[in-house]
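What follows is a single structure, written as structure tokens, with notes after it.
Quick note: the coordinates plus some simple rules give every number you see, no bench work behind them. What you see is a predicted model; the values in this text were computed from it and never measured. Here the Cβ positions follow ideal geometry from the backbone for every residue, glycine too, while neighbour counts run over all protein chains shown.
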Amino acid sequence: MKLITSRKDISILVYAFYGKIRNNNTLGPIFNSHIKENDWPIHLDKLTDFWETNLFGIPKFKGSPSQKHAKVDAQMNHTISPGHFDTWVGLWFETIDELFEGELANKAKQSATKMATGQFLTIWNNRPDHLKA
């Protein structure tokens, strides 16, 4: 096991994690239908930027994950559930535990847990009122 110390480490984590996501029975169909095969390298690079910003404080990431998640939920007829995020977090923890240890590995787990909750709340708040009853 090693520490997360560089962008290369984050890239290894992101690529391994999204390899699992793409093959997961619950999440794979969602991600694979919204990210075209040719767009995955660009998406993974952007996610590496995101985690580099999050873990190292290097301001590389630009974008709005919350708006993207709300848009995907709308395209899926508002069917994304907390269970989807639980699966996402579980795979994230599993991947980190297979590859890394230490303070930044723990920070990545804590951040992912907070993000999952925040992303679902954003999705929920962007749903039509009649679906919130």
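Please state which one of I123, I80, I42 is surrounded by 13 or more Cβ atoms within 10 Å (Cβ to Cβ), in a helix (DSSP H, G or I) and either touching a helix residue (DSSP H, G or I) at 6+ places or on another chain (Cβ under 6 Å) or without any contact (Cβ under 8 Å) to a residue 24 or more places away in the chain (or both). Matching residue, one of I123, I80, I42: I123.
Taking the conditions exactly as written (farther than 29 Å from T5 by Cα, loosely packed, with under 15 Cβ neighbours inside 10 Å and of a type in the set (S, T, Y)), does T26 satisfy them or not? Yes; evaluated as a whole, the condition is true for this residue.
A quick yes/no check of all residues on (1) among the hydroxyl-bearing types (S, T, Y); (2) over 30 Å from K132 (Cβ atoms):
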| site | (1), (2) |
| --- | --- |
| Y18 | yes, yes |
| W40 | no, yes |
| D86 | no, no |
| L99 | no, yes |
| E103 | no, yes |
| N106 | no, yes |
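The set of residues in the stretch 49-77 that are in a helix (DSSP H, G or I) and of a type in the set (K, R) comprises K68, K71.
Residue by residue through the stretch 55-66, note down the ones that are polar (S, T, N, Q) and in contact (Cβ under 8 Å) with a residue 24 or more places away in the chain.
Restricting attention to the stretch 55-66, the residues satisfying the condition of being polar (S, T, N, Q) are 64, 66.
Matches in the stretch 55-66: S66 only.
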